[in-house]
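Okay, structure first, notes after.
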Amino acid sequence: MAQSTKIHAGMRAASVFPRAWGRAPRVTVSSLRSSGRLGRVEPSGVAVVRHLLFPISTVIALVFAAGLFSQPITRPYIILAVLAFALSWRLLGGAEFRTLQPLSKTDFFVPRLLLGWANVFGLLLFVGFAAKASDSYSRVVIVAWAILTPICFTLARGFAYRILCQWNRTGRLARTHIIIGSNATAREFASRLEQDPSFGTFIGFFDDTKTAQSHGMPPSNLLGGIADITGYVRRNSIDVIHIARPVSDCEELDAVLDELRDTTASIYFLPDLPHGAPNQTRIVEMAGMPLLTYFETPCCGMQGAAKRTLDILISAVLLLLLAPILVVISVLIRIDSRGPVFFKQRRYGLNGEEIAVYKFRSMAVCEDGGTVTQAQRNDTRVTRIGAFLRRSSLDELPQLFCVLMGSMSLVGPRPHAVAHNEMYRRQIDGYMRRHKVRPGITGWAQVNGLRGETNTLDRMQMRVAYDLDYLQHWSPWIDIKILWRTAWLVFGDRNAY
């Protein structure tokens, strides 16, 4: 593979493939404990609609399902409605308003909302069986309710979107916004404000002419310079000011901030982060101070403990259940060809530290030097039993021991041979970031068609982009989803050989 300039893989992962996970979780900061968690800035009416939209939809769907089959609303159904409302408030309430836009603009909305409703419905079923109250309900009504609720969600979303647009036109959401700055971050933020009716009206930009030109914005697009801001805000009663310029870079802006204290405008700072960073940042607490992360492992604190617990439990159970199969495979390998049963290869693990990864030997050779050749279709090095093991992924089973011991995880970026790592880290920018979590037996890239040989730099770039997307949106539910998809993929993937 020829050397080439570095490729920015994953820095704009959404441009490579549709975003699939929804927004990243928000983290509480100690200096903001009075608010409980970092919240949204929105009018009270918007907040009420946003939080009540889906919980009320679940209750309406239940009432409609009961009426559809002439089932009276008795006390058990009232209790069910209250529980459904409470769980939906917790798990579905507060969905971002951009999910209220037309369906074509929110390709991640449906799977995310369906997963949330599945969680609510599953918890209610568990409570019903645990309380031995399932006989109090009509099964046909419950099944109809499960089907009708997502339909109600979609209809409610469209209704709420139209209500917000109407409120914006009639002035009920008449909050006006200006942005101080003209960089790419400022322009992206302005575009989002214009697309979302819940925030009000975006008016325009203020910046120095030379600074705007250096950022590629024509001076004609500016409402004025830095010195014009205070007068404009006072004359037009601007509600919100967003600052997308470093105050330290502009002494004039420091003076303007002092003058703006004599207005009622809300002021927010919009950090100008490097290319690709806004979708990978979050606010965290360290030593009692809020920090804006540029890149960090998603498996910190209790999240890391949850992922490790899941790994230990599942790997231990699988090893116990699959022990007879492991013995049979070991015997078949020894009968089929000369050599060891297990193949050990050095690879990079968590934080780029070298680990040993074990597989059932599927080839006549065991390469682990400075040059490692990936398996290819019809590879003559693959043994007879090895071909079956590779197609069915049974050669990966020994890695369950690696998971149990802690060097690997069930789900994560697939580890590559050290020789490949050293080659690709020089060619693909951001490649080593995939080592911020333990490598996995399966991963987000593998269940999206990137399993097997990566014979071109573009395919490896795609794999890294998926890996970084996984890191950005990780949650225990995502790991479970990937494991489920892997189980269905094992015997039907043509990319494995």
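Here, each number is a calculation from the coordinates, and none is a lab measurement. This one's a predicted model, so the numbers in the text were calculated from it and none came from an experiment. Here Cβ is always computed from backbone atoms with ideal geometry, including for glycine, and neighbour counts include all displayed protein chains.
Points to keep in mind about this one:
- By the beta-carbon count within 10 Å of each Cβ, the least crowded to most crowded order of 360, 388, fewest first, is 388, 360.
- Percent of Cα pairs exceeding the 20 Å cut-off, where the set is the range 301-489: 55
- Diffusion coefficient, µm² s⁻¹, Stokes-Einstein with Kirkwood Rh over alpha-carbon pairs of the range 383-457 at 20 °C and 1.002 mPa s: 157
- Listed from fewest to most Cβ neighbours within 10 Å, the set 240, 143 follows the order 143, 240.
- Förster radius 45 Å - calculated FRET efficiency between residue 342 and residue 292, Cβ distance, rounded to 0.05: 0.50
- Label-to-label distance, residue 143 versus residue 328, with points set 7 angstrom from Cα along the beta-carbon direction: 3.6 nm.
- Sorted fewest first by neighbouring Cβ atoms within 10 angstrom, 318, 270 come out as 318, 270.
- Order by protection proxy (mean Cβ within 10 Å, highest first), peptides 223-232, 419-428: 419-428, 223-232
- With distances taken between every two different alpha-carbon atoms, the range 174-281 has a Kirkwood hydrodynamic radius of 14.1 Å.
- The trypsin sites (Lys or Arg not before Pro) of the range 119-168 that meet both conditions, a loop assignment by DSSP and at most 12 other Cβ atoms within 10 Å of the site Cβ, are 132.
- Neighbour net charge for residue 231 - beta-carbon separation under 14 angstrom, K R +1, D E -1: -2
- FRET efficiency for the residue 335 to residue 459 pair, using the beta carbon distance and R₀ = 22 Å, is estimated at 0.05.
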